[in-house]
Amino acid sequence: MPIDKTNPFQEDVNPFDSEDEFNFELGDGNRSSQHAKSNDNKVTFDEPRDTRKPHLDESLSFENTADADSFDGHSYQQTPDIGRFNHNESGTFDDIELENDNNAETPAMKRLRLGTQRNKKGKPLIGRTKTLKWAKENLYNPFEDFIKEEDAFDDAGMKNRADELRTVYYNMDLPDDMLDEEGKPLADYARNKIRTTKYTPLTFLPKNILFQFQNFANVYFLMLIILGAFQIFGVTNPGLSAVPLIVIVIITAIKDGVEDSRRTVLDLEVNNTRTHILEGVPNGNISADNVSMWRKFKKANTRLLVKFIDYCKSRFSEEGRRKRAMRQRNHLRVQHARAQGDTDMPRNSLDSVGSYRFSAEYGRPSLDENGADGMANEGHIIDRTLPPRTDCKFSKDFWKNVKVGDIVRIHNNDEIPADVILLASSDNDGACYLETKNLDGETNLKVRQSLSTTLDIRNSRDVARSRFWVESEGPHANLYSYEGNLKYIDTKDGDLKNEPITINNMLLRGCTLRNTKWAMGIVMFTGDETKIMLNAGVTPTKKSRISRELNFSVLINFLILFILCFISAIINGVSYSKHPASRDYFEFGIIGGTASTAGFVTFWVAVILYQSLVPISLYISVEIIKTAQAAFIYGDVLLYNARLDYPCTPKSWNISDDLGQIEYIFSDKTGTLTQNIMEFKKCTINGVSYGRAYTEALAGLRKRQGVDVESESRHEKEGIARDREIMIKDLMHLSDNSQFYPEDITFVSKEFTDDLKAKNGEVQQKCCQHFMLALALCHSVLVEKNKVDPNRLDIKAQSPDEAALVTTARDMGFSFVGSTKQGMIIEIQGVQKEFQILNILEFNSSRKRMSCIVKIPAANPEEEPKALLICKGADSVIFSRLSTKAGANDEQLLEKTALHLEQYATEGLRTLCIAQKEISWPAYQKWNAKYNAAAAVLTNREEQLDAVADAIERDLILLGGTAIEDRLQDGVPDSIAILVQAGIKLWVLTGDKVETAINIGFSCNLLNNEMELLVIKTSGEDVKEYGTEPSQIVDNLVSTYLREKFGLGGTEMELANAKADHEHPKGNFAVIVDGEALKLLLNDEDMRRKFLLLCKNCRAVLCCRVSPSQKAAVVKLVKNTLDVMTLAIGDGSNDVAMIQSADVGIGIAGEEGRQAVMCSDYAIGQFRYLTRLLLVHGRWSYKRLAEMIPSFFYKNVIFTLTLFWYGIYNNFDGSYLFEYTFIMFYNLAFTSLPVIFLGILDQDVSDTVSLVVPQLYRVGILRLEWKQTKFLWYMLDGLYQSCISFFFPYCVYRKTMIVTKNGLGIDHRYDVGVMVASIAVISCNLHILLHQYRWDWFSVTWIALSCLVLFFWTGIWSSVLHSKDLYKAASRIYDTPAFWAVFFVGVCYCLLPRFTLDCCRKFFYPTDVEIVREMWARGDFDHYPTGYDPTDPDRPKIVKPGKLGEHPVSINSRGIELRDNYGFGSVSQESVLTEEIPMNILNDAAGSPTALRVEENRQTWGDSPKETQDLLFSPRLKDEGKGTFEPQTGSTLRQSTVPQNRTSLDHTREQMLSSNQLDNRYSVERARMSLELPGIKNAEGLLDARKSFHRDR
């Protein structure tokens, strides 16, 4: 390594220490085994002996060139540079760099650590760890120069730790510079044990208490309790006053504990998942005994807790007692057998469960050699001269015990436990297949390649005889990037070898191994340092918006409290300074001694007296209400998913009111909107369209045209079911297909089976057969036997689209049943045939196609065979590569196929094209030689292979096209439509490609044909005019869209105006942005602002190819900048960061693992349940809390201010107007239950009406129900009613103080307090009743009981002597007519003003809900059954209209309005505004949809000259085999008026529409695009692509 002369602490550490010298030759680069000599061309390093380093028998010689960057001393690709700094100096991972030293007197390197100051015993005075720490802080580090500042943080704002380089050694001792003075590793890697919980059993109590007391109100109540403990402040019972706070803390802690315990259980499941770890080879990278005392203490507690739980289960549960009895029986059986000397005991049938049987591979010499040629490589990392180690084996262990540097073996269908570098797999080529749904949301399998140097490792003995080390970058969140190097000493020649490691050699945690028996690798990152956990972030603590805004209301009350206390203190202090006064004669002095001190004491006495202004009972009431709301959500049977047996599960109970204020929803695509199921629906063969389907996109299009979609859908599905039955019968009669399973058929077309039976001619029959055979041959799928039915073969594919194609070919009688060494076995109509596959040109994202080359045997031995290339791929790619030779492709056929594909895309289907090309055998051999040469190169292999494949995938002949539906989850389009009507904006953030996302956008009706798609991308021919740099292009694109489409400039003032605008976007635009462009947009503040303004003015936003951290960054951008409520929903681990960043996170319990559900706030079974969760439960929760909280403040203001009014007449000396039990029971029994039941049970409208009229949800978006003005209004109302409650009884006593008929006095302050309390309590409860929408027997009963409890308690308590001054007060007060007079008058005066004002407002200025409630009471919604869910696909048909027809609500520019024939027109003042949709019904003359039918007369094609494997010959293939396709002479042409030359596309479309070859029910107009974008299909574009491709050539 290069010597830094500026660093006195650098050691001369050489990773190749040996007794021999290392000779580095400079010049010709020839390796030499001679020992080093000191001359001008050679540098000799005398290396001290170190027994811990690997010893070499030969010295190593490395080439040196003038350029250090081009230095490569081995046969592999040079190590990639991590970074750059001064000139040509390489980065950290460059090979050893030597400087040419012409001076013979080369100074020897010294270990400067020997100069460390030591004590008399020889121990250093300063430890090495402190020395290195000092050096890091004070000395220059050259690597810091090439760490770019912009790379310090990733696209989500997380710290990028890629510069924290690490080196991991396997089967080797660590060098000295990686050890401390005690010989232990310096590196401290994260454990593989993860924790998504907030608490642990030990930290729960202190951490939860600390969190609760971050709430200032709790601190305030604690302070009051402390003050009350001093007798000077006159608190009657300090202990009793502490009970409410204690109860609140305990209840909140229990709730938090229950919430967190669910995450704990899921964490335990993950951490205790088993994997296979190599034992026997010590791992020196981790200190085995480096366990802190704290961890030991926690482990001991955990063991005790587990033992205690097991003990309780075995003693108190039935299952535990049964298992305990079984263990005892087994123990007695073993003891009995041993006592009898029987060592051959019969084995229990379950003894093998969970056991591991070690493989008896040792001593098998056949496994010690490279048996396959494909396994040989230029490097030799295994030292086969060493004897096999029998102590090394793979054993099962928990994920949490996996450490950095461990060798792990993952089996098929197992999840990857950590980030692992792939060393070898069961495949001879070292490849394995990964399912990455949890990471990036993509369902197709990914191929990962093992390192070529470790390819021949096959078992534990091989890896135990290997030695190497890995130089790696540090952990970072980028899922698509990794850089590292594997280095080792070649066991044959002793050379240092190196192989670069990329992301294609990594197995990331969270992925699942598929279609591979096993894979073996070395662990590089564990636990929180894995990419999936870095993208997940830290589990946040969420508080609802109302709870956050409640703090401001509490502060206002604190201000009022301070004012009241200050007034009390001033008046009391001033009154004590006045003389003479009665206290001069009846008191023995004041407590403070002086007036100022008395005022000070009075201030704190008043704080205790008026403490109810900041009610402690409010917080416990809110917790009770939110807990009840969570229980209601969990118990809602309409949110229960029967297939998964999963209800809606609230995991965060305190944010239910946020569900009623959501304005932006951020959704994943795969598994959230879709089912991860691809179904083959339609195809076009020889210009004929087959397949009958009614897709969601088509239903949405027809709905916008004004068609009754439910009736049409029901009619179409009935027709599809009939055709399906006919098709199944025909297929069963056609052949004996061993792999025919009728329940799997998704392609329904009775016309296709008719053509298979040659009802429309032999030519079309052969075209259909040839097309299906092409689908059965051109793929890379695998088959394996079904576990339940061994005769059934399950298809395992890299892509679900490919699985759908092969499955449909199987259903039609062309079954792929297995592979051989040379090709595939296809069962054709019940007969198995083998086809030799010469080459497979695999699919990748840049090629967008795959091909296979099939060998066609010669007809006779004298002739040469031929090769047939079958290519399938994106329709635009295939069309661009079609041959333009005369007669090769019928131009009219191309037009018809393009129009069919255009129609399929309009229906929301994913389209592919199939084409072929015949190749002569000499031409194939010439091409194959080039292909093999490209496959053998070591540099730029992928690029050269793509170039060779591109050369042969040209001049193709079109066979047809396919259309596949990416199945949406049930009710997704209806859910999205309802959410949009509610005023909610939906953004789709997906890791999938752009084409797929756009298709789903149309399928779920997020996009429609009337929209203009604004594309933001970084590259392409059509964006060159916007700049040269990607950032410049993106900035100019966004600025242009803002200026031209919306007239905006992206200023801060415009953004401020946008924050106040919550209307739905008016324009018909949608934004499509990819991951690269999004990364640039998020990195610059100006671009972020412009991008946000652009998206806010568009109806839909699709972000494609985005990473998990980018999803979180987008959510944070919208949430923090626009100050809106956000919700994120997803089902995979790649959605965790987004879920945690949003105000509300929803996890779908689907197919992509448990991580999203673990980290979510609510877990549901399907996307459609989100509609009910928001519009019903969310809206109810928001309205209930928005009414309950100000009502709570209102009732406390009434009671507290009466004490203040009483203070006017006692100089604010702190005496109580009420007997102490009245103060205690006011918030506990007299007024607590009505307001709590208001927050739990109140409903403005039913759940059905909430879903039928989604516009009611808008009040939550606009935050109309809870505002500070509403809070202040309720406070003023409480102030008014407190005056009535106090001064009305005061006026009774004011003149004579005699109010009884017998002249007996009831003039004690407690007697007056009974009158005041009676008016305050009754008026308060009746006020709650008047503001409650739903009056049911339960709520009314509890309000009545709360009122009666006041009189009941007064009578009972005043009847006992313990009431003291209140004794017999009830009998005297209630017997006085004056009490009842002032009571009724006072209550009426309290309620009358507010009641009058509410009536006037509802009559003249009604709100949306008040109008809808009138309609509901009138019966306009009675035709909807109870529990009606418009998103349920099995919902009943609504046939009975309401009294005013199907649409009783009129929506216009003024808001929601009743129909005129109701008697009057009431218009709300707050309603959502919607845009009218143009209705165009394009049916036939009879008004019914027309069906598709095939032409009767078709072109007759020539037959194949061969009888064996004749299906490989296209019917249009001439016998000459010259690679051109020409119609046979004498063939019958189609009877058509179209001329023979290529007609216009419009003419062809009109002809097809008139002959019902195209569906004429709807227009095939596609969305307008601002830029070229994949996924938007139109016939003109496909045909133009063919022209432009050949023109460029």
Carbon/sulfur fraction of accessible area - the stretch 1015-1105, other protein chains in place, 1.4 Å, %: 44 percent
In sequence order, calculated HN-Hα J values of the stretch 1082-1090 (Karplus, 6.51, -1.76, 1.60; Hz; x Gly/Pro): 7, 8, 10, 5, 5, 5, 4, 5, 5
Stokes-Einstein translational diffusion, the stretch 1131-1251 - Kirkwood Rh over all Cα pairs, 0.692 mPa s, 37 °C, in µm²/s: 180 µm²/s
Kirkwood Rh in Å, taken over the stretch 645-752 so that all alpha-carbon pairs contribute: 18.1 Å
Accessible area in square angstrom per residue, the stretch 866-926, 1.4 angstrom probe: 22 Å²
Order by protection proxy (mean Cβ within 10 Å, highest first), peptides 189-199, 1369-1379: 189-199, 1369-1379
Range of Cα positions in the stretch 815-864 per principal axis (Å), largest first: 40, 30, 20
Relative packing of peptides 1233-1244, 1264-1275 - highest average C-beta neighbours within 10 Å first: 1233-1244, 1264-1275
For the stretch 1163-1225, convex hull volume per residue from C-alpha positions, Å³: 108 Å³
Along principal axes, Cα extents of the stretch 1024-1111, largest first, whole Å: 33, 29, 24
Glu1063 versus Ile624: modelled label distance in nm, points set 7 Å from Cα along the beta carbon direction: 4.5 nm
Value of Rg/Rh across the stretch 250-338 [Cα atoms, Kirkwood radius]: 1.10
C-alpha center-to-center spacing [the stretch 865-929, the stretch 1258-1274] in angstrom: 62 Å
Potential lengthening between Asn932 and Tyr741 on full extension [0.36 nm per residue; Cα-Cα distance subtracted]: 64.7 nm
For peptides 1552-1558, 451-457, sequence by mean Cβ density within 10 Å, most packed first: 451-457, 1552-1558
Value of Rg/Rh across the stretch 1313-1427 [Cα atoms, Kirkwood radius]: 1.15
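Roughly speaking, to the nearest percent, how much of the stretch 1231-1364's 1.4 Å accessible area is carbon and sulfur?
The computed percentage sits at 71.
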Residues of the stretch 1305-1346: accessible area per residue with a 1.4 Å probe, Å²: 36 Å²
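Return one quarter of the surface area of the convex hull spanned by the alpha-carbon atoms of the stretch 554-704, equal to its mean projected area, in nm².
The Cα convex hull of the stretch 554-704, projected and averaged over all directions, gives 18.4 nm².
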Probe 1.4 Å, protein heavy atoms only - accessible area per residue of the stretch 1154-1269 in square angstrom: 20 Å²
Global form of the stretch 857-999, assessed from the alpha-carbon gyration tensor, a/c cut-off 1.5: prolate
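What's the Kirkwood radius of the stretch 1056-1159 in Å, using all Cα pairs?
14.5 Å
The values are calculated or read from the model by the stated rules, or taken from the named source; none is laboratory data. Note that the structure is a prediction, hence the values are computed from the model and not measured. Methodologically, a virtual Cβ is constructed for each residue, glycine included, from the backbone with ideal geometry; neighbour enumeration extends over all protein chains shown. For accessibility, only protein heavy atoms count, side chains too; no ligands or nucleic acids. Shrake-Rupley method; radii C 1.70, N 1.55, O 1.52, S 1.80 Å.
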